[in-house]
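The numbers here are math on the coordinates, done by the rules we state, and not lab data. Owing to the predicted nature of the structure, the values given are computational and were not obtained by experimental measurement. Every residue, glycine among them, receives a Cβ derived from its backbone with ideal geometry; neighbour counts consider all protein chains shown.
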Amino acid sequence: MDERFRETSAGFLESFLRRIEACVARLSEEQVWWRPNAAVNSVGNLLLHLQGNLSQWVLASLGGVAYQRRRSEEFAADRTASKAELLAGLRGVVEACAAVIRRLSPAELGRRLHIQGYDTDGLYAVLHAVEHMSYHTGQIAHISKELLGPEGGIDFFPQHSKE
């Protein structure tokens with residue numbers, strides 16, 4: 001069961017990355033940083049935020065990688081990187097996270113951790129990372145569809161279009 005959990009979790013992160021890449025590839029540089037108002041994050045902010053969150057929750061806490069997070073900067077950024085740079089950064093973090101998750105032992109999954117003010121364990125940290133990336137993948141898809149409309153061709157499940 002531990003191996004199946006680890007492989008499924010890593011696979012979800014990789015699947016979400018592919019969906020994000022498909023959306024962002026269709027956006028212009030300007031659209032990546034578009035915000036309809038100050039209460040909404042841009043796709044660029046969400047990409048930076050995912051890098052920060054995954055680095056803190058998986059790479060640092062479970063993988064032992066030194067990392068100093070600056071969460072507020074993830075949301076304050078505006079046109080600080082190109083979409084290619086943002087995607088490359090996220091891809092690198094997701095690939096590293098998937099590798100860490102795949103090699104976790106049962107003891108590491110049960111190890112007590114303190115992350116971002118929360119007392120938790122390795123299992124929760126992995127579940128949090130997967131759920132968190134899922135949530136923001138949905139936001140990125142929504143923003144992309146809002147900006148591009150049906151002409152954007154974003155459809156992750158075309159096999160269900162006739163249902």
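Each residue of the stretch 102-118 was assigned a 3J(HN,Hα) from its phi angle through the Karplus expression (A = 6.51, B = -1.76, C = 1.60, θ = phi - 60°), giving 5, 9, 5, 8, x, 5, 5, 5, x, 5, 6, 9, 10, 10, 6, x, 10 Hz with x at Gly and Pro. Each label was represented as a point 7 Å from its Cα along the Cα-to-Cβ direction; for His142 and Gln68 these points are 3.5 nm apart. Round to the nearest 10 and give me the degree value, 0 to 90, for the angle of helix 43-54's Cα axis relative to the longest principal axis of the chain. Computed tilt is about 0 degrees. Put simply, the amide H of Ile115, placed in the peptide plane, has neighbours under 5 Å in Thr120, leaving out anything fewer than 5 places away on its chain.
Determine the sum of side-chain charges near Leu87: Lys and Arg each +1, Asp and Glu each -1, restricted to other residues whose C-beta is under 15 angstrom from that of Leu87. Display every interim value, and only then the final one.
Details: positive: Arg18, Arg19, Arg26, Lys83, Arg91; negative: Glu14, Glu21, Glu29, Glu85, Glu95.
Its environment carries a net charge of 0.
Summing Cβ point charges (Lys, Arg +1; Asp, Glu -1) relative to the Cα centre of the chain gives a dipole of roughly 180 debye. Measuring r between the beta carbons of Glu131 and Glu85 and using R0 = 45 Å, the FRET efficiency lands at 0.95.
Using a ≥ b ≥ c from the Cα gyration tensor of the chain (square roots of the eigenvalues), is it rounded, prolate or oblate, where a/c under 1.5 gives rounded and otherwise the larger of a/b and b/c decides, a/b for prolate?
Values: a/c = 2.31, a/b = 1.43, b/c = 1.61.
Verdict is oblate for the chain.
Here the Karplus relation 6.51 cos²θ - 1.76 cosθ + 1.60, evaluated at θ = phi - 60°, turns the backbone of the stretch 75-82 into coupling constants of 8, 7, 4, 8, 6, 8, 8, 6 Hz, with x for every Gly and Pro. Shape class of the stretch 87-163 from the Cα gyration tensor (axes a ≥ b ≥ c, square roots of the eigenvalues): prolate, since a/c reaches 1.5 or more and a/b is larger than b/c. Each residue of the stretch 21-38 was assigned a 3J(HN,Hα) from its phi angle through the Karplus curve 6.51 cos²θ - 1.76 cosθ + 1.60 (θ = phi - 60°); the sequence is 4, 5, 5, 5, 4, 7, 8, 7, 4, 5, 5, 4, 9, 5, 9, x, 6, 5 Hz, with glycine and proline shown as x.
Taking packing as the residue-averaged number of other Cβ atoms within 10 angstrom, the listed peptides 106-118, 3-15 run from highest to lowest as 3-15, 106-118. Run the quick spin-label model on Arg4 and Arg26: label points 7 Å from Cα toward the beta carbon, then report their separation in nm to one decimal. Inter-label distance under the simple model: 3.5 nm.
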